[in-house]
Structure formats: structure tokens, C-alpha cells
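K.L.:
Pasting in a structure now, in C-alpha cells, and then I'll have a few things to ask.
Rule-based calculations on the coordinates, nothing more; no lab input. Treat the numbers as computed from the prediction; the structure is a model and nothing was measured. With ideal geometry, Cβ positions are generated from the backbone for all residues, glycine too; neighbour counts draw on all protein chains shown.
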Amino acid sequence: MTAVVSPPAARPISLGPRTMRALEALVIPLGALIASALLFSVFLILLGKSPATFFSLIWTGGFGSSFSIQNTLQRSAPLILTGLAFAIPARIGLTLIGAEGALVLGGFTAAAVAIPLVTGGIAPVVTLPLMALSAMAVGAVWIGLAGWLRHYRGVNETISSLLLSYIAVAIMNFFVEGLLRDPASANKPSTMPIGDAYRVGSMPGTSVHWGLAAGLVLAVALWILMTRTTFGFAARMTGGNVRAAKAQGLPVGFLVVACCAIAGACAGLAGFYEVAAVHGQANASLVAGYGFTGILVAFLARQNPLAVVPVAIMFGALAASGGLIQRRMGMPDATVLVLQGIIFVVLLVSETFYGRIPFLQARTTGDRT
């Protein structure tokens, strides 16, 4: 007789904590986006507008054509950098919202440095790197100051970074409307234009400036730094438990200031590209809210530098579609800001669901051969 061999019994397969966290980081933000879309749809219906038309226009304005895609990517570049400026300090447990000030001050510094160099006829190959380095250095010092105040003086970093943003805008206005004002800028006070020869060009075959490439490179580099190096491990350990980090002999003060300085350098670089690639001079247009939108980008990306990129592109599409929504639906282009506000509130509420979703905590079973 032939013996009948029964198949192996199904054995439980337990999803590890890392897999669970990855699933939570994907499911909860996606759920928050869906909930935000539903809430905003109710808002549109109350106004007598079609939600389907609104969201289709967002797709058309953000990704519907080659021009739309390039416009979206152009608007995404500063959001990637300011998103990183929030995400990196968040990995060490800090809530810094001062990227807007570092961007403004970095852009102004780049324009101020360019004035004597352009006037003196210094070549662009020398001028542009000096502008970028000076913008990054000023941004690093500005946000690094908030980190220093937090660690060494116990000053709340959220409040100090916000106040530093207002100070940065005031400093720019003081010089732009005074000592460094270009006499030709009668309607809108601005610094002297740097000139076309000193502008950062576009990437080959596109109208998107090189700030996008810089953001992509920095996102990858900072992901490696924060996840694959001893510095990143020490920063994460400090963010998890400061006392434990100190007990292990980690240089907590250095880590805090270093993460803040990295964040400031990212925001300052965004300011450089706004001057050298978009505006060509420093003026009130630098205060465009990129630093505050970057907070929302980093929140939705769960402070993951790589995830910052696609989220920034999504918000770039929202900004790019504002004009189309205004023309087609007769609504202000600031309508997308209402949607962003709803997303932010829902994201804050969604934070309470981490670790509390039953199906993400349960064990799963399956056949294993």
C-alpha cells in the first residue's frame, strides 16, 4: 500500500515590528489623505461645486501635460528642501518650524553676496558656488541657533524657530527696502538683479531648474546619513530617549545642533535657488510659504527623507493646479490652501492611531513549504 503523506500544517507567520511600522507608515497617511478628500468634498458640495471636477482639475493641472508636469516639478523643488529641513530635526525629537526664515535669509544672503561679485565682473562659475555656500551657511547658523537654544538654554525650539523666521523676514525687508534696494525697483523693493548670465539654468530638455536635482541628491544623501551611519543611529537614539543617549555617552548637544544645522542648510539652499533660478533678485516674493508647506510634506512623509520627494511632488501639483481651478471653477486659487489645511489637521488627528489599529497588530497565518 502507498502511504499517504499529508501536507504540512499551516504554521503561524508573525509579521515583525519593522514590517508593522512600515505598514502603519503607509496605511495611516493614505487613510488621512482619503479622509481629507472626503471632508473637502463636503466643503465643495456646500459651495455648490463638483468634487469630481475639482480633483480632475488637480490631476490635469499637475500632471495632465508636459508643461503641467514641469510646472509641478518646478514648484516641488523648494518643498523637497524645506521638507527635509523639518524631517531631519524631527528624527532627533525636535519640532522646528523655522525653515521659512532660513529660506528667506538664505536667499537674501545669496543676493547680497552676488551684488559685489556681479558688479566686479567675477565669473558665474565662481559667483554661483559662493552664493550657494553662503546661503547654506547662513541657514545652518540660523536654525542651528534654535537647536543650541533648545539644548543649552532649554528654550522651546518650536517657538524660537518661529520667532527667528519673523526676524529673518524683518532683516531682509530692512535691507531690501533700504541699503541694498535697487533704485530701478520702484513698485516692488528688490535688490539689484543678478543678471541672466548669473542665473541657474534648467536641466537639459526641461524648464525645471537644477534645484530639483539638488533636492533629490540631498534626500538620498540624508536618508543614508540618518539610516546607515553611526551619526544617524545616535540621532535616532537621542530622539527616542535623551537620558539613555546621555547614559551611553553620546554627544547629545552636538547631535542636536548638527541636525538643526543640516536642516538650516537645506532651507538656505532652497532660498539660493529661489534667487538664482526663479526671481533673479531678493524681494518679498521669497516669503512664499514654502517653509510652512514643507512641514506638512514632512508630516505626511513620516520624516523619511526619501518619502519627502513624492509627497513634495504631490503638493507641487496642488500648487500648480491653483490657476486652472480658478479659471475653470470660478474659485480662488487659494482654495488649494484650504485643502492643505484640512490635510494637516487630519494628519495631526491620525497620529493617535499609530499602534492602535488591530489588523496591523495581529499575527497572520499562511502556508510555508
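K.L.:
Contour minus end-to-end for residue 34 and residue 227, with contour as 0.36 nm per residue of separation and end-to-end as the Cα-Cα distance?
P.N.:
Numbers: separation 193, 0.36 × 193 = 69.48 nm, distance 2.95 nm.
The span from residue 34 to residue 227 would gain 66.5 nm if fully extended.
K.L.:
For 344, 54, 67, 86, what's the fewest-to-most ordering of other Cβ within 10 Å of each Cβ?
P.N.:
Details: 344 17, 54 22, 67 11, 86 29.
The order, fewest Cβ neighbours first, is 67, 344, 54, 86.
K.L.:
Near residue 355, within a Cβ-to-Cβ distance under 15 Å, what is the net charge of the other residues, with Lys and Arg +1 and Asp and Glu -1? Intermediate values should be presented prior to the final figure.
P.N.:
Numbers: positive: 18, 21, 302, 356; negative: 24, 351.
Overall, the nearby charge balance is +2.
K.L.:
Roughly how far apart, in whole Å, are the Cα centres of segment 119-142 and segment 271-336?
P.N.:
Segment 119-142 and segment 271-336 have Cα centres spaced 24 Å from each other.
K.L.:
So if R0 is 30 Å, what FRET efficiency would residue 333 and residue 41 give, r being the distance between their Cβ atoms, rounded to the nearest 0.05?
P.N.:
So, using R0 = 30 Å, E works out to roughly 0.95.
K.L.:
In degrees from 0 to 90, rounded to the nearest 10, what is the angle of the helix 157-176 Cα long axis to the longest principal axis of the chain?
P.N.:
The answer is roughly 20 degrees.
K.L.:
So, one more: Using only DSSP helix segments of four residues or longer, with each worth -39500 (n - 2.57), what per-residue ellipticity at 222 nm results for the chain after dividing by its residue count and rounding to 500?
P.N.:
Working: 14 runs with 247 residues, N = 369.
Value at 222 nm, helices only, nearest 500: -22500 deg cm²/dmol.
K.L.:
Which angle between 0 and 90 degrees, to the nearest 10, do you get for helix 99-119 versus the longest principal axis of the chain when only C-alpha atoms count?
P.N.:
Rounded to the nearest ten degrees, it is 40.
K.L.:
Let me ask something else about it. Shape call for segment 66-334 from the C-alpha gyration tensor, a ≥ b ≥ c root eigenvalues: rounded (a/c under 1.5), prolate (a/b greater than b/c) or oblate?
P.N.:
Details: a/c = 1.75, a/b = 1.37, b/c = 1.27.
Prolate shape, in that a/c is at least 1.5 and a/b is the bigger ratio.
K.L.:
Could you give me the ³J(HN,Hα) list for segment 38-43, computed from phi with Karplus coefficients 6.51, -1.76, 1.60 and θ = phi - 60°, whole Hz, x at Gly and Pro?
P.N.:
Those phi angles translate into 5, 5, 5, 5, 4, 4 Hz.
K.L.:
Could you line up 169, 297 from fewest to most neighbouring Cβ atoms inside 10 Å? Show your work: numbers first, answer last.
P.N.:
Values: 169 18, 297 27.
Ranked by crowding around the Cβ, least crowded first: 169, 297.
K.L.:
Whole-Hz Karplus ³J(HN,Hα) for segment 181-191, in order, using 6.51 cos²θ - 1.76 cosθ + 1.60 and θ = phi - 60°, x for Gly and Pro?
P.N.:
Listing the rounded values in order: 6, 7, x, 6, 8, 6, 7, 10, x, 8, 6 Hz.
K.L.:
Could I ask something else about it? Fewest to most neighbouring Cβ within 10 Å: what's the order for 273, 166? Write out the running numbers ahead of the final one.
P.N.:
Numbers: 273 27, 166 12.
Starting with the residue having the fewest Cβ neighbours, the order is 166, 273.
K.L.:
Calculate one ³J(HN,Hα) per residue across segment 339-351 by plugging θ = phi - 60° into the Karplus curve 6.51 cos²θ - 1.76 cosθ + 1.60, and present them in order as whole Hz with x for glycine and proline.
P.N.:
4, 4, x, 5, 4, 5, 5, 5, 4, 4, 5, 5, 4
K.L.:
If you don't mind, there's one more thing I want to ask. Which FRET efficiency, nearest 0.05, do residue 153 and residue 126 yield, Cβ-Cβ r, R0 35 Å? Could the numbers behind the result be given before it?
P.N.:
On the way: r = 39 Å, r/R0 = 1.12.
FRET efficiency, residue 153 to residue 126: 0.35.
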